[in-house]
Structures are given as C-alpha cells and as structure tokens.
Amino acid sequence: MKPTSGKLAAWFLAALCVVVFLGYMTTEVIRPAALETPVPTGGPIGVREVLFYLLAAVTVAGAAGVALSRNILYSAIGLLMALLGAGSLYVFLSADYVAVTQLLVYIGGVLVLVLFAVMLTNRIEEITVSNSSLGLFGGFLLFVAVAPVLLAVAALTPWGTSAFPPLPQTAAAIGHAFLTKWLLPFEVASLVLLATLVGAVVIARKEIKAD
C-alpha cells in the first residue's frame, strides 16, 4: 500500500519534532552539563569490567532482536538472550536472589511457555493484527530521540565509585519480605504466571480442535 499524503505529512511533522527536541536537549541540557562535568579518568580494565560490558552487549543485542526480527521464533530467542543478560547483570548489583529468580521464573517459566505457544500454533502468521504499527520509520524516530539523551545521561552523570564489597546474603531478607510486607504482590505475580500457563494450553487446544 502506497503512503498517502496525510501519512507523509504526519511523518514529516514527527521528524521535525524529533529534530527540534534533539536541538533543544543538545543546546540547553547536554552541552551545559558537558561543560560542567570534569573529564573522567579511566582506570585499569580488568576481567570484571570486560565481563560486564560483554553481558550488557548480549542484553542489548537480544532486546534489538526482539524488536527487529520478523520471525516470532527468533524474537523469542532474542528475548531469551535479553533475559539471560539482565539476570547476569543482577549479580554485579549483589542481587543473587533476584538473578536466580530471573532465570527460574522468566526464562524457565514464562519464556518456555511462550516458546511452547509459538511452536504449537502452526497458523500464527495467518492471524490478522488489529492494532496498527508505526513501522520501522516510527521506531527509528523514537530511537533517534531517546538514544542520545540516554547516552548523555550515562556519560555525563558523576557516578560514584567504590571498592567491590563481598556479596551479601539477600535470600533470607527477600524471602521474609515476600511473606510479610509484599505478600499481595507476590500472590498477584503467581496469578500472572498461572494465566500465562492457561493461555498456552488454550491456544494449543484451539489448534488441535481446528485440525
């Protein structure tokens, strides 16, 4: 379908808004912050730093695969990479319990159910999507508007540094909080996982009855 003049005008207006936004952020926010921030002195790069950047790259690459892949199976594999990288990064924050929960719940539970639903649904490409998509150009405009701001925040923020302390034991404190203060959100999360399981079973049963 050829783009109409109204759609082209809307894209032109959106691109103009992005340019104006970037110009304002550069002149009024990013440039003054860059002039006031001292130049950081780089320290020695060890195995810990290399591992952190490697896991961050895997996480970003997986998230990009989810958004850019046209094959839903490849998108699920990209989601696996993103969740695995995010769970590994929790270890750098001394959050061992959250890292293990990320692996067990999101990868071992939700993602496996998503893969089963995708593999058991043999006519998934024939489904008509009701909501409209902004396409690659809309995603590119959003990326151009957001990425420079996030990079400027990461580069110009005076992050505090400290020595690496030993990893504290967080499982006991988090388990106690789950059963006292955060009991209701914990049960709601279990209902979400149950709904995911039921949804996968329903999709599979519909395909079996249709065949």
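Coordinate-derived values only; no laboratory data. Computed from a prediction, not measured in an experiment: that's the story for all the values here. Because the Cβ atoms are built from the backbone with ideal geometry, glycine has one as well, and the counts that use them run over all protein chains shown.
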Legend entry - At R0 = 45 Å, FRET efficiency that the Cβ-Cβ distance of ALA189 and SER5 yields, to 0.05: 0.40
Inset, instruction - Give the shape of segment 4-88 as rounded, prolate or oblate, defined through the alpha-carbon gyration tensor: a ≥ b ≥ c are the square roots of its eigenvalues, a/c under 1.5 means rounded, and otherwise the shape is prolate if a/b is larger than b/c and oblate if not. - result: oblate
Legend entry - Theoretical FRET efficiency, 1/(1+(r/R0)^6), r = Cβ-Cβ of VAL144 and VAL202, R0 41 Å, to 0.05: 0.55
